[in-house]
Amino acid sequence: MNAKAGALLAPLPPHDLWDRLLVATIFGGLLALGYAAFATPLLQPILSMAGRGEWTQLWVRPTVIWVAMGLVLLLMRTLLWLRYRPFAAAAPDEAPLLSVIIPAYNEGAMVETSIASVAAARYPRGRLEIIAIDDGSKDDTWRHIERAAARFPGLVAALRLPRNMGKRGALAEGFRRARGEILVTVDSDSVIERDTLLAIAGPFRDPRIGAVAGKVAVHNRKAALIPRMLHVRFVLSFDFLRSAQSMFRTVFCCPGALAAYRASVVRAVLGRWERQRFLGSDCTYGEDRALTNFILGEGCDTVYQRSAVVHTMVPETYSKLCRMFIRWDRSYIREEFRFGRVVWRRPPLWRAMALYESGITNLRFPVGYLSMALWAANAFHDPLSMLRMLVAIMVVSTLYVLYYLRSERSWDFAYGILWGFFSFFALTWIFPYAMLTLRSRGWLTR
């Protein structure tokens, strides 16, 4: 790393004994997981079916190869995660003109709380504007936006759309009206921390960066069991996964809950992004992953800023959780096809790393679902194979919560282990369903 690049990064935090112990345990866990996969009966159900000469032997070799490559991917992510450093925050005297766009639909009082959190952020007032957009709400959302505009005169601009245009359409209206050099999106059910805006503006000192992903935590995590589990999942998704992707400057998705974009790049892709279609239908969901892909397609880098934090509301019931994941998986499938085209704009090394991560990650669907079917079929011959499956879930979940513990140092890590079992038994059906309903345009948010 050259001196100029190093100056853009925040200093490394001190590494105490607990940190070193966790890192050593993570590497020990990786070795143990590899040993368990290939030198113990963990994969025996699949291997034994192949040994009986059944058709399944055609699937065993790809499964074993995929498991090995998945372990290599996990090791690669771990090494990148350990090397990650957040960017230095922008100094108040050099902070760029910043526009924060907050689209809202039937959000009620929460939108005013969201606006107030942005207004309370540490950022030079003369360089900040907040654009709050009521996307044709049918409740009292507009009244709360008007109240926020009255509370913060000269800072909050209120915009009411005559009809519901969807989140993508509402954001597009905000982007067109924004005056800032940097455009920040914040969900209307989310609250940012006071230093978030300075933090998320910091990476844009590098002219190659087109988009920055913030860190998303769960605001209502103490309200129910599902939010507690989701908080652990979110920390892993951001502090682990996006930290690793940021090291090769190809964060796959800058989340709508908190993301920042270089305005000049957004304006270059705005029309194409707003009119995006897939399989003959207008794209109404997954606007954040889609915009990230468009920005990558312009040859810009996308990075993660750990010190820019937002706390967002998440579903508290199983039905709402399923609707959220169906929406996410539909956009994931659509945008993975597009990512396969734009990734070729990345520099060779970063392209190779992104392709390896995307390829191994996507292979988990055919390999994983067929392996589960083989495992279930083998249970008729060997009932203990189901116990081995439960042990495998426990081992993998325990390894992942070690990453969470290093970031959070919270007893909530236990909910990460519980999430491993919950997602396996209660959410596995969602991806196939999302694939079969790709053309659906429903938002599934309410």
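Restricted to segment 119-142, and to residues that are among the small types (Gly, Ala, Ser) and over 20 Å from Gly169 (Cα atoms), which residue is surrounded by the fewest Cβ atoms within 10 Å (Cβ to Cβ)? Once the filter is applied, the top-ranked residue is Gly126. The requirement of being free of Cβ contacts under 8 Å to residues at least 24 places away in the same chain, over 13 Å from Thr292 (Cβ atoms) and open to solvent by 10 Å² or more (accessible area, probe 1.4 Å) is fulfilled nowhere in segment 238-252; no residue meets it.
Here's the yes/no breakdown for (1) over 21 Å from Ala199 (Cβ atoms); (2) open to solvent by 20 Å² or more (accessible area, probe 1.4 Å):
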{"position": "Glu107", "(1), (2)": "yes, yes"}
{"position": "Glu112", "(1), (2)": "yes, no"}
{"position": "Ser117", "(1), (2)": "no, no"}
{"position": "His144", "(1), (2)": "yes, no"}
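Between Trp419, Trp375, Trp344, the distinction of being surrounded by 13 or more Cβ atoms within 10 Å (Cβ to Cβ), part of a helix (DSSP H, G or I) and at pLDDT 90 or above belongs to Trp419 only.
The rows are residues; the columns are (1) closer than 30 Å to Lys167 by Cβ; (2) over 22 Å from the mean Cα position of the chain (by Cα); (3) not hydrophobic (A, V, I, L, M, F, W, C).
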{"position": "Leu390", "(1), (2), (3)": "no, yes, no"}
{"position": "Val395", "(1), (2), (3)": "no, yes, no"}
{"position": "Val401", "(1), (2), (3)": "no, no, no"}
{"position": "Ser407", "(1), (2), (3)": "yes, no, yes"}
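So which residues in segment 280-297 are in contact with a strand residue (DSSP E or B) (Cβ under 8 Å, 6 or more places away or on another chain) and of a type in the set (D, E, K, R)? Asp288, the sole residue that qualifies.
For segment 289-305, the condition of being open to solvent by 60 Å² or more (accessible area, probe 1.4 Å) and over 21 Å from Ala259 (Cβ atoms) holds for none of the residues. Across segment 47-61, not a single residue is classified as open to solvent by less than 60 Å² (accessible area, probe 1.4 Å), closer than 30 Å to Leu171 by Cβ and either in a loop (DSSP other than H, G, I, E, B) or modelled with pLDDT of 65 or more (or both).
Checked against (1) within 17 Å of the chain's Cα centre (by Cα); (2) modelled with pLDDT of 95 or more; (3) in a helix (DSSP H, G or I); (4) under 22 Å from Ser117 (Cα atoms), Phe238 passes all but a single condition, namely (2). Which condition number in (1) under 27 Å from Val342 (Cα atoms); (2) part of a helix (DSSP H, G or I); (3) within 16 Å of the chain's Cα centre (by Cα) is the one that Cys253 fails? Here Cys253 meets the rest and fails (2).
From the list Asp329, Asp282, which residue is over 23 Å from Ala211 (Cα atoms) and either more than 15 Å from the chain's Cα centre (by Cα) or open to solvent by 20 Å² or more (accessible area, probe 1.4 Å) (or both)?
Of the residues listed, the single one that is over 23 Å from Ala211 (Cα atoms) and either more than 15 Å from the chain's Cα centre (by Cα) or open to solvent by 20 Å² or more (accessible area, probe 1.4 Å) (or both) is Asp282.
Can you name the residue in segment 87-101 that is open to solvent by less than 10 Å² (accessible area, probe 1.4 Å) and in a strand (DSSP E or B) and, of all such residues, is farthest from Ala172 (Cα to Cα)? Taking the candidates together, the pick is Leu98. The set of residues from segment 149-166 being open to solvent by less than 50 Å² (accessible area, probe 1.4 Å) and within 25 Å of Arg327 (Cα to Cα) comprises Leu161, Gly166.
Reported count of residues in segment 323-355, each being of a type in the set (A, V, I, L, M, F, W, C) and more than 21 Å from Ser243 (Cβ to Cβ), is 7.
Quick check, is Val391 open to solvent by 60 Å² or more (accessible area, probe 1.4 Å), of a type outside the set (Asp, Glu), over 23 Å from Phe252 (Cβ atoms) and not in a loop (DSSP other than H, G, I, E, B)?
yes
Scanning segment 76-86 for residues that are in contact with a Phe, Trp or Tyr (Cβ under 9 Å, 6 or more places away or on another chain) and closer than 30 Å to Phe175 by Cα yields a count of 1. Tell me, please, whether a residue that is surrounded by 24 or more Cβ atoms within 10 Å (Cβ to Cβ) and more than 19 Å from Gly299 (Cα to Cα) can be found in segment 201-209. Yes, some residue in segment 201-209 is surrounded by 24 or more Cβ atoms within 10 Å (Cβ to Cβ) and more than 19 Å from Gly299 (Cα to Cα).
Of the residues in segment 183-192, at least one is open to solvent by less than 30 Å² (accessible area, probe 1.4 Å), over 17 Å from the mean Cα position of the chain (by Cα), of a type outside the set (A, V, I, L, M, F, W, C) and closer than 21 Å to Ser331 by Cα. When restricted to residues that are under 15 Å from Thr312 (Cβ atoms) and not small (Gly, Ala, Ser), segment 106-137 contains 6. Which residue, of Val191, Val235, Val212, is in contact with a Ser or Thr (Cβ under 6 Å, 6 or more places away or on another chain) and over 21 Å from Ala109 (Cα atoms)? The conditions single out Val235.
From the list Ala414, Ala354, the one residue that fits, being within 17 Å of Ser237 (Cα to Cα), in contact with a strand residue (DSSP E or B) (Cβ under 6 Å, 6 or more places away or on another chain) and not in a loop (DSSP other than H, G, I, E, B), is Ala354.
Condition check ((1) touching an Asp or Glu at 6+ places or on another chain (Cβ under 7 Å); (2) within 15 Å of Arg338 (Cα to Cα); (3) in a strand (DSSP E or B)) across all residues:
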| position | (1), (2), (3) |
| --- | --- |
| Arg272 | no, yes, no |
| Arg289 | yes, yes, no |
| Leu296 | no, yes, no |
| Val303 | no, no, yes |
| Val309 | yes, no, yes |
| Lys320 | no, no, no |
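Given the conditions (1) of a type in the set (A, V, I, L, M, F, W, C); (2) closer than 20 Å to Met324 by Cα; (3) open to solvent by less than 20 Å² (accessible area, probe 1.4 Å), and given that Ala224 satisfies all but one, which numbered condition is not satisfied? Just one mismatch for Ala224, condition (3).
The values are calculated or read from the model by the stated rules, or taken from the named source; none is laboratory data. Bear in mind the structure is a predicted one, so any value in this text is a computation, not a measurement. Using ideal geometry, Cβ is built from the backbone for each residue, glycine included, and neighbour counts are taken over all protein chains shown. With ligands, DNA and RNA removed, areas are computed over all heavy atoms of the protein, side chains included. Shrake-Rupley method; radii C 1.70, N 1.55, O 1.52, S 1.80 Å.
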